[in-house]
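Take a look at the structure set out below.
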Amino acid sequence: MNENIVDLLVYLFENYLSEQTNLNEQYTKNNIYSGLEQAGFERNAIDSAFDWLLSVNDDSKQHINQSADAIRVYSPLELSILDEEGVEFISYLESTGILTPTTRELLLNGLLNLNADNIDVDDLQWLALIILFSQPDEEQAFASMESLMFDPPVDHEH
């Protein structure tokens, strides 16, 4: 998988998985496949994106208990995908409460499942948003992530 999968996941989220869309009522899997193919995505990439979404949902059954002062040490494989800015961004999301230890691990596992060489912060934002959207009881974290991504920064100058 490569960058194209991230683009496909973002397109899928924006066009089919948004909170205004009830996937079960409005779309069938075949309709979604057709729509994605018409948008220019290849069937192999579509299959990979659906597999990725399913793997994230399968992994969501885990729960991680972590003490407040614990530090996450990243593996060499994780560091080969994330640069320093990406690691700092994930730490920021945790420090603001957007990511919990469990959703952080879902994000990291999702990154590993992409088999990408390098994930930038923009991709991290989208993948975190998609993961938070797919998790029960993460509505506030999803709203906070959405706000971080789309709301203009507040200027505190007088």
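Bear in mind that the values in this text are calculations on the coordinates, not laboratory data. Nothing here was measured: the structure is a model prediction, and the numbers come from that model. FYI the Cβ positions are ideal-geometry reconstructions off the backbone, even for glycines, and counts take in every protein chain you see.
Between S147 and V87, the FRET efficiency from the beta-carbon distance, with R0 = 22 Å, is close to 0.50. Principal semi-axes of the equivalent ellipsoid, √(5λ) from the alpha carbon gyration tensor of region 89-146, are 18, 12, 10 Å from largest down. Inverting the pair-averaged 1/r between distinct Cα atoms of region 64-120 gives 11.7 Å as its Kirkwood hydrodynamic radius.
Mean projected area of the Cα convex hull of region 3-150, taken over all directions, amounts to 8.9 nm². Using 0.36 nm per residue and subtracting the Cα-Cα separation, the extra length available between N15 and S55 on full extension is 12.3 nm. Ranking L9, I71, N30 by how far each Cα lies toward the positive end of the dipole of region 3-150 (charges on Cβ) leaves N30 at the top.
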